[in-house]
Structures are given as C-alpha cells and as structure tokens.
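The structure under discussion appears below in the form of structure tokens.
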Amino acid sequence: MSHTSAYAALSKTSGLKPFAFERRVIGPTDIKIEILFCGVCHSDIHQVRDEWGGSIYPMVPGHEIVGRVVEAGRAVKKLKVGDLGGVGCMVESCRACESCKAGEEQYCTGDKLVWTYNSLFKDGTPAYGGYSSHIVVDEAFALKISPKLDPAAAAPLLCAGITTYSPLKHWKVGPGQRVGIVGLGGLGHMGLKFAHAMGAEVFQFTTSTSKVSDAKRLGADQVVLTSDPGNFDKLARSFDFILDTVSGVHDVTPYLGLLRRNGSMVLVGVPEKPFAVQAFSLILGRRSLAGSGIGGIRETQEMLDYCADHGIVSEIELTSIQKINEVYERVVKNDVKYRFVIDMQSLAQAT
Ligand code: NAP
Ligand code: ZN
C-alpha cells in the first residue's frame, strides 16, 4: 500500500479538508502517477455537495489529472517511468460489454464502471480522485500527454475537453455548419475552441456580458446574449447543432427553436433538476434533443493528440489546494475564466 495525502469532503456540508489514505500496490498492468495538476470541474462541486444524490464520503474529488509516471508494472506497455500521463473520469469498466468493446467504456452496461471518485471498486474499496499526491491506475484507463502540451493547461482536457470534443465528432460538426455553444464555462470554452477548429461557424451563447470579448478571442464568430429574447427571434431555425454546457437550471425550449430541420441539440451540462420540453419544439422540423457523456479512452487519446497537433489547451487560473473551498464558491458564482487548475505541489505544504 502507498500512503497518499489528499483533500476530501467528509459530508455534503463539510467543505474540503486535508485527508490521508492508502492507494493499492501497483499490479502488473498498473501505473503510478505523481499528480502535478488537477482541474476543478463543476461536477466535482455537484458531487461534493451531493446535488445529484448518492454521494459517497469521504470523497476525494478530481478527474482532470495530469502527472508524471513514477512506477510501472511489469506488463505495462502504454507509458513508461518519466512520461507525462493523464487520468480522466473513469478508472475501470467491464471491458466485455458492447459499449466497452466499441471503445465507449463510459457507457459500460456490465455494471462494473468505476468512476475516478465517488465510486467503488468491485472489492468495495472506494475510488479516490485527483486532489491527491498520486494515483494508481490500470494502464487501460491512463492517457498519454504529449510533451508539446503545457501540462497544467492540458489537465482540463481530460474531462472538459473530451466531453465537448466527443459530441462534436459524433454529430459530425464541420465546415458549412452553424453551431451554437451554450454557456461559456469550463466545458463551454473547450466546445467553442473545438467547434471553431473543426471549421464550423460558431455562435457562443452566454448570460455574461463580461465574457463577450473573450468569446470572440476564443473563436466565436458571433456572441449572443441570452438575456435578450429578440436575439432568439433573429436566429430562429438557423442552427445545425447546439451544445448545451450549462450547469444550472434553464429553459431549453428557446434553443430548440433555433434548430433548422433535422438539427440536434445535445446536453452535456447536468443541472440539479429535471426540466420540461414542449413536444412541438421537436416535432416542427424533426429536431432531436440528445445527451452525451465524456468520451471513451480511445477517443480521449485522439482528442489529446488533436490538441497537441492544433495547439489547443484550456484557459486556466492556477490555484493551490489550500484555496479549494474558495475556488468552489467562485465557480458557483460564475467567477472563473475559464477553468481552475490546482497546482498539486501545494499539497506538500498543506499536510
Ligand atoms: P462551469 O465552468 O461552472 O460553466 C457553466 C456555465 O454555464 C457558466 O460559466 C455559465 O456560462 C453558464 N451558467 C451557469 N448557470 C447558469 C444558469 N442558471 N443559466 C444559464 N447559464 C448558466 O461548469 P463546467 O465545469 O463547464 O460544467 C458544466 C456542466 O457540465 C456541469 O453541470 C457539469 O456537471 C457537467 N458535466 C457534464 C459532463 C458530461 O459527461 N456530460 C462532463 C463534465 C461536466 P455563461 O456565463 O456564459 O452564461
Ligand atoms: Zn468533469
């Protein structure tokens, strides 16, 4: 076993505090990564605060992990000691069901999917995430991070990156299409960068006037303030694809009205409460409303390599683990441009 220092939530109201636990000894196909950087995803906050229900405590959040491989089991092929490695939202799956065989482990139906945290391994051991000194992971769930990428700014690619890249690829977004990205947060700004890089005409939808110039800088052809209903009338029936990254409760019906015939709107944001949809907003124009969850390991590697080739990383504000509770408050208040990343070296001073 190996001693691991971390920050954990002990209940939905405790906030995050220093915590220590043991990681498993590495097996033949495991690697051990010394964590250098970990992104702060809004999903960390939803789960720490039990906003989706069923949270498991103590909880060590963090699923945007980049670090240095410090040990590798004898059968490991993908990475070697000294390489930069990454871990995203999953650390194990059944590997045998239709989804796993298709390389889409995030949709594992074998009931053996283990998330990076807030989840249990099959022996009942809790999975602890990236707000920690190191992680032990089977190489099948580890990613290679190109040395061309800044490791701190690459960390959010492991969740915010793949969650937006995957639906854009699945729905074949590209040149000649008009695409909307709703919400300019951690996921939204990556969706904007990818949709722009894939050659679409991109409209960024935002509630924040303070983000308009950034949206343009990050690749938006146009920025739409959602506070003005007139903006929706002008753009009615003109979009091929809309990606909704919003974390809070909001009405999707006005966005469905923006889709042209056969257009699709895809939800990746996970607000706390269910919402209503008018049947006619889908029927008129044969529109689709769908959802998408992160992406498989193979596609995550493809996305990381795409980012290395196209010079795409996240816009980050580096922070320390000591500031994590403050950081959560800032994310909830929509005061982040556009992803917090924890410099995990700070953990050494914390515990
Ligand atoms: P974030 O950085 O907080 O960004 C969310 C953005 O949504 C905000 O920046 C804001 O953008 C907008 N927004 C927030 N509350 C709103 C409201 N009530 N009405 C309208 N707009 C609002 O969050 P994130 O880390 O990108 O995560 C976004 C959501 O995706 C979360 O629910 C998270 O749990 C979920 N998620 C899903 C997956 C998946 O696999 N599907 C993976 C990761 C995360 P503007 O200021 O531009 O309006
Ligand atoms: Zn996430």
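The values are calculated or read from the model by the stated rules, or taken from the named source; none is laboratory data. This structure is a prediction, so every number in the text was calculated from the model and none was measured. Cβ atoms come from the backbone with ideal geometry, glycine included; neighbour counts cover every protein chain shown. Please note that ligands, DNA and RNA were not included when accessible areas were found on the heavy atoms of the full protein model with its side chains. Shrake-Rupley method; radii C 1.70, N 1.55, O 1.52, S 1.80 Å.
Some points to look at:
- Criterion (more than 9 Å from ligand 1 (Cβ to nearest atom), more than 30 Å from I31 (Cα to Cα), in contact (Cβ under 8 Å) with a residue 40 or more places away in the chain and not hydroxyl-bearing (S, T, Y)) met by exactly one of G185, G180: G180
- Flag if V60 is closer than 18 Å to E92 by Cβ, assigned by TED's automatic domain parsing to the domain that holds S119 and either surrounded by fewer than 14 Cβ atoms within 10 Å (Cβ to Cβ) or in contact with a Cys (Cβ under 8 Å, 6 or more places away or on another chain) (or both): no
- Any chance L284 is touching a strand residue (DSSP E or B) at 6+ places or on another chain (Cβ under 8 Å) and either closer than 30 Å to F141 by Cβ or away from ligand 2 (no atom under 16 Å from the Cβ) (or both): no
- Test: residue in segment 24-45 that is assigned to a loop (DSSP other than H, G, I, E, B), away from ligand 1 (no atom under 16 Å from the Cβ) and open to solvent by less than 50 Å² (accessible area, probe 1.4 Å): yes
- Of the residues making up segment 103-129, just one is in a helix (DSSP H, G or I), open to solvent by 20 Å² or more (accessible area, probe 1.4 Å) and touching a strand residue (DSSP E or B) at 6+ places or on another chain (Cβ under 7 Å), namely E105.
- Taking the conditions (1) touching a residue at least 12 places away in the same chain (Cβ under 8 Å); (2) open to solvent by less than 20 Å² (accessible area, probe 1.4 Å); (3) outside any strand (DSSP E or B) in turn, C100 satisfies each one other than (1).
- Residues within segment 311-351 that are within 16 Å of ligand 2 (Cβ to nearest atom) and of a type in the set (S, T, Y), tallied: 3
- Verdict on A160 being within 16 Å of ligand 2 (Cβ to nearest atom), of a type in the set (G, A, S), out of contact with any helix residue (DSSP H, G or I) (no Cβ under 8 Å at 6 or more places or on another chain) and open to solvent by less than 10 Å² (accessible area, probe 1.4 Å): no
- Residue tally, condition open to solvent by 20 Å² or more (accessible area, probe 1.4 Å) and either assigned by TED's automatic domain parsing to the domain that holds G188 or of a type in the set (S, T, N, Q) (or both), over segment 319-347: 5
- Residue in segment 269-281 that is small (G, A, S), open to solvent by less than 70 Å² (accessible area, probe 1.4 Å), in contact (Cβ under 8 Å) with a residue 12 or more places away in the chain and closer than 29 Å to A152 by Cβ present: yes
- Residue check for D251: of a type in the set (D, E, K, R) and part of a loop (DSSP other than H, G, I, E, B): yes
- Some residue of segment 94-111 being within 26 Å of P147 (Cβ to Cβ), of a type in the set (A, V, I, L, M, F, W, C) and within 16 Å of ligand 1 (Cβ to nearest atom): no
- Strands (runs of 3 or more DSSP E) contained in segment 175-228 and holding at least 2 residues open to solvent by less than 10 Å² (accessible area, probe 1.4 Å): 178-182, 201-206
- All of T29, T125, T116 fail the test of being over 19 Å from Q345 (Cα atoms) and touching a helix residue (DSSP H, G or I) at 6+ places or on another chain (Cβ under 8 Å), apart from T29.
- Sole residue being under 11 Å from the mean Cα position of the chain (by Cα) and assigned by TED's automatic domain parsing to the domain that holds V252, chosen from G186, G199, G176, G180: G186
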